[in-house]
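Read the structure below first, then the notes.
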Amino acid sequence: MDEEEFATADATALAGSVRDGAVSATELVDLAAAAMERLNPLINAVTYECLDQARAESRGELSGPFAGVPILLKDLGAAVAGHPDHQGNPTLAAAGRRHQGDSWLVQRLRAAGFLVVGRTNVPELGLCSDSQNAAFGVTRNPWHLARTPSGSSGGSAAAVSSGMVPLAHGNDGGGSIRMPAAQCGLVGHKASRGLVSDGPGEADSLFGHAVQGFLTRSVRDTAAVLDLVAGPGVGDPVVAPRRRPSLVEALGETAPLRVGYVAQTPEASAWSVDPAVAVAVHETVGVLRGLGHEVVESHPGVMFDPTYWERWFDLLSPAVALAVEDLEETARGTDGTEWHDVVTEHWARRGREISAADHTRALLWLDRFRRDMATWWADGFDVLLSPVTVQLPLELGSFWSYPEGVVDSVHMLQFTPQFNSTGAPAVSVPATWTDEGLPVGVQLAGRYGEDHVVLRLAAQLEAARPWAHRYPARSSVGVPAERRPGPGAEHAYQGPFRSRSPEEVAQR
């Protein structure tokens with residue numbers, strides 16, 4: 001198998017090649033290593049490698065449907081004993097913090113035969129629609145090196161899109177899987193709340209908003225891996241219904257669906273959808289109608305309630321304030337200086353201002369919001385088609401280039417966080433590429449627990465408008481020398497950070 005075959009194959013195909021004896025597990029690890037060595041200096045997607053361990057494991061007895069397939073894990077969640085737990089933060093990196101045990105997700109991935117080859121870059125604490133930090137620098141979009149792969153699973157998306165591995169772990173608390181997938185030409189599925197366990201180290205992350213998942217090259221990979229890792233762990237607070245025992249088998253279902261769509265934000269919104277993104281939605285409407293589905297312009301009436309973003313921010317920001325307190329405690333074990341990004345400070349400041357009563361009020365409001373959103377599906381719709389992001393991939397450093405940028409990094413999330421709040425499944429799939437060669441994804445969202453419905457519709461779109469033949473090395477804006485960053489500036493952090501001196505930390 002040559003590097004191009006490896007760069008374009010999905011995990012299912014690679015696993016089949018190992019079973020057939022066409023390639024060995026060790027050869028796959030070596031191909032991943034070669035791709036990482038060649039591409040990571042350009043893209044900066046991988047912050048930690050464990051290739052020697054992966055090679056050693058590849059020579060042992062492997063079992064499971066994905067035996068021998070290399071995978072990368074995001075440096076946020078997916079704990080592996082001994083792996084770094086730095087989360088894009090200089091204080092945690094300086095302290096050398098490590099995971100103490102394996103998460104159930106990782107245990108299930110290993111049981112499926114995957115070989116972990118490293119970890120990927122994130123924005124600090126996963127709080128920005130970008131993937132850069134003061135600890136490890138800037139991750140670049142493989143389709144255009146001057147642009148971001150989005151975030152917070154941007155390192156994982158860039159690694160898969162560029163051909164380093166066929167799939168990578170991500171997680172999603174407001175769009176952090178779907179947005180990088182949309183802007184890197186991949187499949188990114190946010191599972192129903194409680195479908196994949198966060199245990200044993202975590203329970204219901206960010207009050208149920210954050211879920212574990214994957215960035216993949218094909219819908220069949222997404223379905224197959226979820227089949228293997230889904231299911232509750234002991235003591236999980238929420239368990240999603242499994243309305244189909246096999247997501248892979250559900251991909252073959254063909255019954256017509258009733259699909260609503262929305263291509264633009266309301267006129268009252270401060271954000272409008274880029275014309276190229278709106279065109280991708282309208283083109284997808286035509287494809288779905290051609291496939292025999294009923295498609296009408298409709299969406300949940302409360303989806304763009306302006307109160308929603310305030311309540312969402314009120315609910316999640318205290319968790320960031322707590323994380324900053326933990327950073328201060330960690331700083332006392334290093335040189336006494338605590339570092340964090342201004343985006344982190346923006347979230348933490350809001351979190352410190354929220355009273356217990358206000359936080360409870362936000363929880364109650366979101367309960368009503370969840371019910372109001374669900375009413376639209378109860379009225380007979382199966383899927384909602386929409387944009388994933390309002391914009392095409394932004395130029396690197398965009399959120400720090402103007403005064404309102406940090407606030408906008410939160411408010412630009414117009415189509416994705418609602419499904420974190422409701423716990424409903426949503427998947428981003430490639431729809432088209434712009435004339436400049438930038439990927440554009442669309443989102444398919446479904447009824448809670450009906451992951452099989454959105455994935456089988458995604459599979460139909462994949463069959464109707466294939467994307468597997470596309471990858472950045474074949475693109476005029478991918479990795480040619482003329483697009484590489486200048487010497488000495490390859491991955492310089494482009495955003496401001498804040499530091500607290502030992503004295504300030506002690507005072508707090």
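The values are calculated or read from the model by the stated rules, or taken from the named source; none is laboratory data. Because the structure is a prediction, the values reported are computed rather than measured. As a convention, Cβ positions derive from the backbone with ideal geometry for all residues, glycine included, and neighbour counts pool all protein chains shown.
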Item checked: Every pair of residues 6+ apart whose Cβ atoms lie under 7 Å, when the first sits in segment 234-253 and is surrounded by 12 or more Cβ atoms within 10 Å (Cβ to Cβ) while the second is hydroxyl-bearing (Ser, Thr, Tyr) -> 236/197; 240/192
Check: Does segment 20-28 contain any residue that is assigned to a helix (DSSP H, G or I) and either of a type in the set (S, T, N, Q) or under 22 Å from residue 153 (Cβ atoms) (or both)?
Finding: yes
Checklist line | Residues of segment 191-224 satisfying the condition of being part of a strand (DSSP E or B) and either surrounded by fewer than 23 Cβ atoms within 10 Å (Cβ to Cβ) or touching a helix residue (DSSP H, G or I) at 6+ places or on another chain (Cβ under 6 Å) (or both) | finding: 196, 212, 214, 215, 216
Next item on the list: Tell me which residues, restricted to segment 94-111, are within 16 Å of residue 168 (Cα to Cα) and buried (at least 21 other Cβ atoms within 10 Å of the Cβ).
Entry: 103, 105, 106, 109
Item checked: Pairs with Cβ under 6 Å, 6+ apart, first in segment 337-358 and touching a residue at least 60 places away in the same chain (Cβ under 8 Å) and within 22 Å of residue 134 (Cα to Cα), second of a type in the set (Val, Ile, Thr) and part of a helix (DSSP H, G or I) -> 338/91; 338/505; 339/91; 342/406; 343/406; 346/406; 347/320
Margin query: Just to verify a result, which residue in segment 25-62, among those that are out of contact with any strand residue (DSSP E or B) (no Cβ under 9 Å at 6 or more places or on another chain), modelled with pLDDT of 95 or more and closer than 18 Å to residue 110 by Cβ, is surrounded by the most Cβ atoms within 10 Å (Cβ to Cβ)?
Written below: 26
Next item on the list: Please find, within segment 416-430, the residue that is surrounded by the fewest Cβ atoms within 10 Å (Cβ to Cβ) out of those that are farther than 19 Å from residue 204 by Cα and in contact with a Phe, Trp or Tyr (Cβ under 9 Å, 6 or more places away or on another chain).
Entry: 430
Margin query: Condition first: among the aromatic types (Phe, Trp, Tyr), in contact with a strand residue (DSSP E or B) (Cβ under 7 Å, 6 or more places away or on another chain) and within 22 Å of residue 112 (Cα to Cα). Can you find one or more residues in segment 254-263 that meet it?
Written below: no
Check: Do we have any residue at all in segment 159-179 that's surrounded by fewer than 24 Cβ atoms within 10 Å (Cβ to Cβ), outside any loop (DSSP other than H, G, I, E, B) and either touching a residue at least 40 places away in the same chain (Cβ under 8 Å) or touching a Ser or Thr at 6+ places or on another chain (Cβ under 8 Å) (or both)?
Finding: no
Margin query: Condition check: β-branched (Val, Ile, Thr), out of contact with any His (no Cβ under 7 Å at 6 or more places or on another chain), in contact (Cβ under 8 Å) with a residue 24 or more places away in the chain and within 25 Å of residue 339 (Cα to Cα). Does residue 47 satisfy that?
Written below: yes
Next item on the list: Identify, from the list 320, 279, the residue that is in contact (Cβ under 8 Å) with a residue 40 or more places away in the chain and either among the charged types (D, E, K, R) or touching a Gly at 6+ places or on another chain (Cβ under 7 Å) (or both).
Entry: 320
Notebook entry, point to check: Does any residue of segment 335-342 turn out to be of a type in the set (Asp, Glu) and in a helix (DSSP H, G or I)?
Noted result: no
Notebook entry, point to check: Is it true that some residue in segment 276-289 is more than 22 Å from residue 459 (Cα to Cα), outside any strand (DSSP E or B) and out of contact with any Asp or Glu (no Cβ under 7 Å at 6 or more places or on another chain)?
Noted result: yes
